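Asker: Here you go, one structure.
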Amino acid sequence: MTDPDDRLHVIVPSGQRQRPRQQRAHDTKAKILKAAARSFSIDGYAATSLNDIIAEAVSTKGAVYFHFDSKEAIARELINHWLTALGGIRQLTDESAIPASEQLAAFFNGSAALIADDALARAGLRLTTEAGLDTARPAFRKWVELVSRFVDTAIADGQLPASAARRLAENLCAGFIGAIQVIQVLGDPGDFTSRIDDLVNAYLISDV
């Protein structure tokens, strides 16, 4: 409608006004998570304070507390990101028509690609090894259980011996983390997926 001096008033629907605000909130949360991932990856969970994350994110305490009530809540979000991504890789692998032992190798290959490309997943993985974080051990166990399903299927199909079950799953997860740590120390990532392929094949050969 037009007012007496012919200036046009545009009525903006409330949904349109909310979307930019929601996008800003989403962007702020993403920025906080990226900053936390960097800080946790460099300094570890225990040595990183909430103020460190705020400074790294170039944000404010109010903005951080709007999304997270503690440093542990941020860590939980990163761990959940890692586990959710693993679940997606597991689903894709399940849908492939290949033997269980090859699915196991494909799962770790996909996990390696994820870690190489996704800083949040990398941080989430590292946090599963933090002794001072209550959610770390259960998250690591979930990962081992996920891998154990591949191993159990391979055993049922006669592709692996029964003795491989829990030991193989735990060793593969530990070896995966160890490979990342060695790369960080040497400063030469190379082809990470090829390194993980070598790791998985070595374990599978030793258990055949």
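The values are calculated or read from the model by the stated rules, or taken from the named source; none is laboratory data. As the structure is a computational prediction, the values presented were derived from the model and not from experiment. Just so you know, the surface numbers come from the protein's heavy atoms only, side chains and all, with ligands and any DNA or RNA stripped out. Shrake-Rupley method; radii C 1.70, N 1.55, O 1.52, S 1.80 Å.
Asker: Calculate log10 I(q)/I(0) of the range 40-109 for q = 0.15 Å⁻¹, where I(q) comes from the Debye formula with a single equal point scatterer on each Cα and nothing for solvent.
Answerer: For the requested q values the scattering log ratios are -0.64.
Asker: Please calculate the 1.4 Å probe accessible area of D52, with all protein chains present, and give it to the nearest 10 Å².
Answerer: Counting only protein heavy atoms, the figure is 70 Å².
Asker: On to the next question. Averaged over all directions, how much area does the convex hull of the C-alpha atoms of the chain cover when projected, in nm²?
Answerer: So the mean shadow area of the Cα hull is 17.0 nm².
Asker: In percent, how large is the relative contact order of the chain, given Cα pairs closer than 8 Å and 6 or more residues apart?
Answerer: Relative contact order for the chain comes out at 19 percent.
Asker: Based solely on its DSSP helices, what 222 nm [θ] is calculated for the chain when runs of n ≥ 4 H residues each add -39,500 (n - 2.57) and the sum is averaged over all residues, nearest 500 deg cm²/dmol?
Answerer: Calculated from helices alone, the mean residue ellipticity at 222 nm is -25000 deg cm²/dmol.
Asker: For the chain, give the percent of accessible area contributed by carbon and sulfur heavy atoms, probe 1.4 Å, rounded to a whole number.
Answerer: Roughly 53 percent of what the probe reaches on the chain is carbon or sulfur.
Asker: Suppose all protein chains stay in the model; what accessible area per residue would a 1.4 Å probe give for the chain, in Å²?
Answerer: For the chain, the solvent-accessible area averages 56 Å² per residue.
Asker: Using θ = phi - 60° and the Karplus curve 6.51 cos²θ - 1.76 cosθ + 1.60, what whole-Hz ³J(HN,Hα) does each residue of the range 125-139 get, with Gly and Pro shown as x?
Answerer: 3J(HN,Hα) across the range 125-139, in whole Hz: 4, 4, 5, 5, 9, 7, 5, x, 10, 4, 7, 5, 4, x, 5.
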